[in-house]
Amino acid sequence: MELKAKVQGQMRTKSGITLQEAHELNQFVEHLQIGGISTAEFKNVLMTLRQYSKSKTLREWTDGVAHTKRNRGETYQAGSNLWLERFQIYAYFSGHPDLNRIPIPIFDMLVYWIESKHWGVDGFFLKELYPLGHSPKEIAASLVFMYRKLPKDNVYELIPGEKNAEDLLLIQEVLPKLERTNWSGSPINFKNIVSEIATEFQRLMGVGKRKITKHKDLLALHFLCAFHLMEIELESFKDSKTRCYLSLDSDDGKLSLNLALYQHQNGIWKQLEISDGTYDTHTGRINHCYSRPYLVTGLSERKYCPKTRCDSLFQHAVEVKTNWIRKYIGRV
């Protein structure tokens with residue numbers, strides 16, 4: 001592909017990128033067509049796109065290349081929410097829930113449930129509680145009025161003298177059902193990210209989207225390696241014993257990037273048990289796992305990571321070998 005500047009003698013192309021950046025992006029496309037890209041080259045491309053892309057979806061990941069320890073953005077928020085769920089929400093529900101001090105995520109979810117009429121409460125109970133009728137929005141507004149938000153303690157505190165007996169009884173009824181809530185959002189699908197990358201190449205370089213998307217599996221392999229062991233900062237929780245990482249794993253037999261919490265035990269970092277968002281219908285107890293999918297791909301674990309267990313890869317560096325991933329066996 002011939003690279004031309006806006007005007008003879010200038011150093012930028014018509015799309016605004018420098019001739020050098022355009023040359024490197026063009027080389028990447030050529031290498032991609034023959035399956036010859038490296039993870040480092042892919043990360044360099046993401047860094048270039050970071051300067052010019054307006055895509056919010058893509059910016060989250062290009063920022064992740066620039067700042068491998070995330071202290072802002074959606075990934076940071078997801079990791080923070082996982083810590084809150086594991087250490088504050090678990091603790092809150094492990095005993096008798098205190099209505100005087102409700103953790104902010106639980107209170108926010110409680111208000112959302114009531115506003116959306118997703119209460120899980122028997123209709124007869126509601127009629128007894130509110131014999132003159134009830135409005136979900138009015139009840140939600142009443143709850144907000146009864147509590148004050150204390151961000152430093154990450155709780156809503158019941159204001160003395162503002163208690164409404166009926167609303168407190170409703171909270172008592174709804175709260176246990178919130179324990180079984182999946183507190184994380186749906187995983188991100190890599191196909192949305194590769195689509196954004198293709199759009200940027202078309203805009204900046206005039207490269208047809210198909211030239212990028214037809215190699216989505218190879219790009220996914222390098223993407224997984226690029227963000228393996230990205231750390232989420234937990235300093236705001238003043239918890240020096242726990243760390244949070246995004247790492248290569250699998251979800252339902254497909255390769256993924258999963259979030260997990262770690263603590264140092266017996267000289268090594270071990271994953272902590274977390275909820276998987278489901279519960280046993282017979283015992284009523286929450287089911288648990290050790291990591292939670294954050295980004296999913298369509299890549300078969302058996303085909304693309306055949307020589308190791310994905311759930312142990314957080315203990316290793318990884319690399320793309322031809323068209324599959326292996327744990328790095330050299331010296332780090």
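The values are calculated or read from the model by the stated rules, or taken from the named source; none is laboratory data. Owing to the predicted nature of the structure, the values given are computational and were not obtained by experimental measurement. Every residue, glycine among them, receives a Cβ derived from its backbone with ideal geometry; neighbour counts consider all protein chains shown.
Among the candidates 54, 117, 127, the residue that is at pLDDT below 90, on the phi < 0 side of the Ramachandran plot and part of a loop (DSSP other than H, G, I, E, B) is uniquely 54.
When the residues of the stretch 244-262 are filtered to those that are without any contact (Cβ under 8 Å) to a residue 40 or more places away in the chain and crowded, with 19+ Cβ neighbours inside 10 Å, the one that is nearest to residue 191 (Cα to Cα) is 257.
Summed over the stretch 130-158, the residues that are in a loop (DSSP other than H, G, I, E, B) and within 36 Å of the chain's Cα centre (by Cα) give a count of 5. Checking each residue in the stretch 304-327 for being surrounded by 16 or more Cβ atoms within 10 Å (Cβ to Cβ) and within 14 Å of residue 258 (Cβ to Cβ) picks out 305, 310, 311, 313, 314, 318. Among the residues making up the stretch 177-217, those that are polar (S, T, N, Q) and in contact with a strand residue (DSSP E or B) (Cβ under 7 Å, 6 or more places away or on another chain) are 182, 184, 189. Within the stretch 124-149, the set of residues being in contact (Cβ under 8 Å) with a residue 24 or more places away in the chain and touching a strand residue (DSSP E or B) at 6+ places or on another chain (Cβ under 7 Å) comprises 147, 149.
Being at pLDDT below 95, of a type in the set (A, V, I, L, M, F, W, C) and surrounded by 13 or more Cβ atoms within 10 Å (Cβ to Cβ) holds for only one residue in 3, 32, 46, and it is 3.
When residue 271 is tested against the conditions (1) more than 23 Å from residue 43 (Cβ to Cβ); (2) at pLDDT 95 or above, the lone failure is (2). Among the candidates 189, 164, the residue that is of a type in the set (S, T, N, Q), touching a residue at least 12 places away in the same chain (Cβ under 8 Å), surrounded by fewer than 17 Cβ atoms within 10 Å (Cβ to Cβ) and within 30 Å of residue 79 (Cβ to Cβ) is uniquely 189.
Summed over the stretch 174-213, the residues that are part of a loop (DSSP other than H, G, I, E, B) and either within 29 Å of residue 83 (Cβ to Cβ) or of a type outside the set (A, V, I, L, M) (or both) give a count of 11.
Yes/no per residue for (1) part of a helix (DSSP H, G or I); (2) assigned by TED's automatic domain parsing to the domain that holds residue 203; (3) free of Cβ contacts under 8 Å to residues at least 40 places away in the same chain:
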| residue | (1), (2), (3) |
| --- | --- |
| 25 | yes, yes, no |
| 28 | yes, yes, yes |
| 36 | no, yes, yes |
| 41 | yes, yes, yes |
| 49 | yes, yes, no |
| 58 | yes, yes, no |
| 65 | yes, yes, no |
| 80 | yes, no, no |
| 85 | yes, no, no |
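Taking (1) out of contact with any helix residue (DSSP H, G or I) (no Cβ under 9 Å at 6 or more places or on another chain); (2) over 25 Å from residue 291 (Cα atoms) in turn, residue 76 satisfies each apart from (2). Residue count for the stretch 214-239, restricted to those that are assigned to a loop (DSSP other than H, G, I, E, B), surrounded by fewer than 16 Cβ atoms within 10 Å (Cβ to Cβ) and in contact (Cβ under 8 Å) with a residue 12 or more places away in the chain: 1.
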